[in-house]
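The values are calculated or read from the model by the stated rules, or taken from the named source; none is laboratory data. Computed from a predicted model, the values in this text were never measured in an experiment. Cβ coordinates were reconstructed from backbone atoms using ideal geometry, including for glycine residues, and neighbour counts include every protein chain displayed.
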């Protein structure tokens, strides 16, 4: 046999062996799925909620006017620091000052009239007392005339005095009786006059009360032309100038706010939290706040207020009772611990609120978690409320269960798990896995269709 024939035969044998090995490898690899692998690890895990909003002072006041008029003095400017009760602006007050002077003059006139009324009362009381004294004298004369008449009557009946003398005594007695009645009538008249004067005095006092109220109202209107700072702070908004007309402020009416004073000692971040996250928030939870204007600088704070009512798109409280698909937000206020002085109201910010934290949680990547239908009999004991899948009559009852694919002997087996808090990239496993247990972590396309008890292999890294 020549050397050439030997080489040809050797080549055929080697080719046959290669084809046989390739076929065997291909047959063995048939049905093997390439996956990304990882392990369940213990690590620190934090669950958080992210929300956007703006910087606001904890306490601020919108200054409006209670009086209509031209601004004649405004000794402050936007950005100025003001003290409590410091003059902010003065509104023209000519008419209100005239109203005060008129009310004061009317009250003074009423006071003078009241003094004259008191003099009339004293005069009427003196006249009444004089009439009473006169009646006392008349009654004494009456008693004396009565005694004299009784004696004269007895003497006349005894024939000791003449008829003429008796008639004189009787006439004197009748005159005394008439004088008593007249005296009593004068006392009644004096009492009536005194009562009338007292009634006039009461009416005057009522008018004085009205005039005092008018004066109080006029003084109040005059005081409202001078606007002082209701608190110490910084003027953060000042849209008016000296010489412009200040109109009476009406709530939520544009153009009625003259300025805004903010107490910058306590600064907050007011953010809007989605309804799906609001149930995880509690007062006092620690928060990191990033302000767009400060770059990557992070501010610390805590949740100080959680809204109970959903907000509308404009920021007001939602009062609708109809069912809509619109997502709803809730207002959450975060108090900053040490706000820098360069913060300004209205700056945009993003808050990250830590709602739960574990120091040594058993975790897996979030993308490793998937859902499969399993038999009801295979539902683990740690599942409290299984979710039943829709099944046809006569078919086995299935349960939708979340879990991961555990790797053992290059086979991926679906393992139900119980989850806990969710971090940025990882999720806590409360039950169903052990430490360092190898699992399938990707890819998402593979996990979506991966079946139970399938042979797997590590996915090759495409990078060179």
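When the strands (runs of 3 or more DSSP E) confined to segment 293-389 are screened for residues that are touching a strand residue (DSSP E or B) at 6+ places or on another chain (Cβ under 9 Å), over 30 Å from residue 404 (Cα atoms) and at pLDDT 90 or above, those reaching at least 2 such residues are found at 298-311, 329-336, 348-365.
The condition (being exposed (fewer than 12 other Cβ atoms within 10 Å of the Cβ), free of Cβ contacts under 8 Å to residues at least 40 places away in the same chain and farther than 30 Å from residue 121 by Cβ) is satisfied by just one residue among 170, 157, 148: 157.
Condition (residue is within 30 Å of residue 337 (Cα to Cα) and either in a strand (DSSP E or B) or free of Cβ contacts under 8 Å to residues at least 12 places away in the same chain (or both)) applied to segment 84-102: is it met by at least one residue? Within segment 84-102, not a single residue is within 30 Å of residue 337 (Cα to Cα) and either in a strand (DSSP E or B) or free of Cβ contacts under 8 Å to residues at least 12 places away in the same chain (or both). For the residues 361, 356, 351, 412, the requirement of being surrounded by 15 or more Cβ atoms within 10 Å (Cβ to Cβ) and in contact with a helix residue (DSSP H, G or I) (Cβ under 8 Å, 6 or more places away or on another chain) singles out 356. Please tell me if residue 428 is surrounded by 18 or more Cβ atoms within 10 Å (Cβ to Cβ), assigned by TED's automatic domain parsing to the domain that holds residue 376 and either closer than 24 Å to residue 32 by Cβ or at pLDDT 90 or above (or both). Taking the combined requirement at face value, the residue satisfies it. I'd like the residue in segment 273-289 that is in a strand (DSSP E or B) and surrounded by fewer than 17 Cβ atoms within 10 Å (Cβ to Cβ) and, out of all such residues, is modelled with the lowest pLDDT. Here the residue is 274.
Just to check your reading of the model, which residue among 111, 195, 126 is exposed (fewer than 14 other Cβ atoms within 10 Å of the Cβ) and within 30 Å of residue 225 (Cβ to Cβ)?
Step by step, each of 111, 195, 126 is checked, and only 111 is exposed (fewer than 14 other Cβ atoms within 10 Å of the Cβ) and within 30 Å of residue 225 (Cβ to Cβ).
What residue, among those in segment 390-401 that are on the phi < 0 side of the Ramachandran plot and out of contact with any strand residue (DSSP E or B) (no Cβ under 9 Å at 6 or more places or on another chain), is modelled with the lowest pLDDT?
The first filter runs over segment 390-401 and keeps only residues on the phi < 0 side of the Ramachandran plot, leaving 390-393, 395-401.
With out of contact with any strand residue (DSSP E or B) (no Cβ under 9 Å at 6 or more places or on another chain) added as a condition, the list becomes 392-393, 395.
Numbers: 392: 76, 393: 79, 395: 80.
Among those that are on the phi < 0 side of the Ramachandran plot and out of contact with any strand residue (DSSP E or B) (no Cβ under 9 Å at 6 or more places or on another chain), it is 392.
Which residue, of 207, 165, is more than 30 Å from residue 71 (Cα to Cα) and touching a residue at least 40 places away in the same chain (Cβ under 8 Å)? Result: 207 is the single residue among 207, 165 that is more than 30 Å from residue 71 (Cα to Cα) and touching a residue at least 40 places away in the same chain (Cβ under 8 Å).
Scanning segment 215-225 for residues that are buried (at least 17 other Cβ atoms within 10 Å of the Cβ), in contact with a strand residue (DSSP E or B) (Cβ under 6 Å, 6 or more places away or on another chain) and either at pLDDT 85 or above or in the same structural domain as residue 128 (by TED's automatic domain parsing) (or both) turns up at least one hit.
Screening the candidates 307, 284 for the property of being touching a helix residue (DSSP H, G or I) at 6+ places or on another chain (Cβ under 9 Å), free of Cβ contacts under 8 Å to residues at least 40 places away in the same chain and farther than 25 Å from residue 78 by Cβ yields one hit, 307.
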